[in-house]
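K.L.:
Dropping the structure in here first, questions after.
The values are calculated or read from the model by the stated rules, or taken from the named source; none is laboratory data. Predicted model only: the values in this text are computed from it and were never measured. Every residue, glycine as well, gets a Cβ built from its backbone with ideal geometry; the counts of neighbours run over all protein chains shown. Heads up: the accessible areas ignore ligands, DNA and RNA and are worked out on the full protein's heavy atoms, side chains in. Shrake-Rupley method; radii C 1.70, N 1.55, O 1.52, S 1.80 Å.
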Amino acid sequence: MATAALQTDHELMLAVRDGELAALGELFERHHGPLYGYLAKHTGDRLAAEDIVQTVFQRMLKYRHTYRDDGAFTAWMYHLARRCAADYFRKHHAAPVATDPTDLQAYADARPHAGDQAGASDDRAFLHSALNRLDRDDREILLLSRFQELSFAEIAGILECSVGAAKVRAHRALRELRDIYFQLQGEKLT
Amino acid sequence: MNCIQARDRFAELLDQRLDGPVSGEVRLHLAACPDCQRDFVSLRDTLAQLDALPAAKPGPRLRANFYAMLEDEQRSAAAPARASAPSRRHTPRWRWILSPLAACGLLALSFVAGQRSAPVATPVTVPVDAATQHELADLRKKVDSMGQLVGYSLLQRQPANERLKGILATQDLAAPGDRVLTQLISALALDPSTNVRLSALEALYPYADQEVVRAGVLASLTREQSPLVQVSMIDFLVAARDREAAPTLQQLVRADKVDRSVRDAAKRALVQL
Ligand SMILES: [Zn+2]
């Protein structure tokens, strides 16, 4: 569809709602990457993240009639993603494995520049590990607030809490992450 | 402004979305307080690290699965036009169940739908329309070409004991969704481990009253290689009082290549049904 590229997310989703299902393809192309990135970090499980992304888009079709005229597509998408992730965590009672060595390795290897210093990738691995050790709700709000182009009003909508509460929780989560991160780095030094 | 008040406001310095009128006061305190400076810098560094974490990239499977699902949904959205055809009696329910399957790359289970619809259509005098026939043939073809692939992808994902754990976990669910049932049926039909297949069958017992579950077991029965699992499946169908199993059971009784114990079980089942 040549015109799809010119339409906003909202227009595309309204088209999907009105039966033009193919328009979801363009929304998928625009959003599946960041959504996957968010879910991969949130679950700590890349395969699960792929499954959840798929489920999110499936639910967009299934619940397309509930998309509102005044809807905000991105916020709606993360709202669905949140539900799907909760289903995932319910099935996998335990929190994601914090220190899967292969995962740390993957992050250590994922250096953007060959000239990066080894220390930087170590830090990254520690931070990734700290993120996985964070309480699930803390990780969720922190990721939503950092990685996505969402306002705190939208985040509050996604999390179904007040804007003030969302702000406070995000900041508290950052402090928690900082503490774990520095603790891990300290353990490495001793 | 004291340290506690100042630190509560650091969020506003760290995130321009939150920039409020108070941040001037916070800055003043920060300039004069080394403790708060340390706190602030460590938070800022943590955030910088967090923002610098590389974003994981999805594999090619995701896009392929998405478009398979979209196509499937588009077809089923177009389907009501022919919904009156008797052979499509089960289709809406199946579609619903099968779409998550496509999601898992397990298109093969569409086979179940094909198998199930066909015998239902035969006793009815109205002939199956060409489009439906074509679709069923297409589904069967997909199964044949994908059978190996599916087994492979299941194998790849997790070791057998992990797959088993996944199945056992479903037994804790009070009301498993269609997705869980789909996974159990997939495991029953496709998992390379006899143990996993048997556990999946056991996990399906509480849901034997659902047509989709009985149909899944029945479709898996003819594909199953292990006599032990086959006999267990037959027991399942008897327990579920699935009359629609009769034609398949008769086929098993007559098939020479089928293990003796399976044929006996099928014979007994036919009497009980
Ligand atoms: Zn201070």
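K.L.:
Please tell me if A:D138 is modelled with pLDDT of 65 or more and either under 21 Å from A:F182 (Cβ atoms) or not hydroxyl-bearing (S, T, Y) (or both).
P.N.:
So A:D138 passes the test.
K.L.:
Right, another one. Do we find a residue being away from the ligand (no atom under 11 Å from the Cβ), more than 23 Å from the chain's Cα centre (by Cα) and surrounded by fewer than 14 Cβ atoms within 10 Å (Cβ to Cβ) anywhere in the range B:58-79?
P.N.:
Scanning the range B:58-79 turns up at least one residue that is away from the ligand (no atom under 11 Å from the Cβ), more than 23 Å from the chain's Cα centre (by Cα) and surrounded by fewer than 14 Cβ atoms within 10 Å (Cβ to Cβ).
K.L.:
Give the residues of the range B:26-53 that are of a type in the set (D, E), surrounded by fewer than 16 Cβ atoms within 10 Å (Cβ to Cβ) and either near the ligand (Cβ under 8 Å from one of its atoms) or more than 7 Å from every other protein chain (Cβ to nearest Cβ) (or both), sorted by residue number.
P.N.:
Selection gives B:D35, B:D45.
K.L.:
Under 7 Å by Cβ, and 6 or more places apart or on different chains, what pairs join a residue from the range A:26-40 that is facing chain B (nearest Cβ under 9 Å) and over 18 Å from A:A75 (Cβ atoms) with one that is part of a helix (DSSP H, G or I) and open to solvent by 30 Å² or more (accessible area, probe 1.4 Å)?
P.N.:
A:A40/A:R46
K.L.:
Take the conditions at pLDDT 85 or above, open to solvent by less than 30 Å² (accessible area, probe 1.4 Å) and near the ligand (Cβ under 10 Å from one of its atoms) and apply them to B:C3. Does it pass?
P.N.:
Spelling it out, it is not the case that B:C3 is at pLDDT 85 or above, open to solvent by less than 30 Å² (accessible area, probe 1.4 Å) and near the ligand (Cβ under 10 Å from one of its atoms).
K.L.:
Something else now. Among the residues of the range B:229-266, what is the count of those that are without any contact (Cβ under 8 Å) to a residue 24 or more places away in the chain and either under 28 Å from the mean Cα position of the chain (by Cα) or exposed (fewer than 15 other Cβ atoms within 10 Å of the Cβ) (or both)?
P.N.:
The number of residues fulfilling the criteria is 7.
K.L.:
Would you please name the residue that is nearest to A:I52 (Cα to Cα), looking only at residues in the range A:65-80 that are not in a helix (DSSP H, G or I) and not aromatic (F, W, Y)?
P.N.:
For the range A:65-80, the residue satisfying everything is A:A72.
K.L.:
Checking A:E20 against (1) within 13 Å of chain B (Cβ to nearest Cβ); (2) without any contact (Cβ under 8 Å) to a residue 40 or more places away in the chain; (3) not in a loop (DSSP other than H, G, I, E, B): exactly one of these is not met. Which one?
P.N.:
Going through the list (1) within 13 Å of chain B (Cβ to nearest Cβ); (2) without any contact (Cβ under 8 Å) to a residue 40 or more places away in the chain; (3) not in a loop (DSSP other than H, G, I, E, B), A:E20 breaks only (3).
K.L.:
Out of all the residues in the range B:7-25, which are within 13 Å of another protein chain (Cβ to nearest Cβ) and either within 13 Å of the ligand (Cβ to nearest atom) or open to solvent by less than 90 Å² (accessible area, probe 1.4 Å) (or both)?
P.N.:
B:R7, B:D8, B:R9, B:F10, B:A11, B:E12, B:L13, B:L14, B:D15, B:L18, B:G20, B:V22
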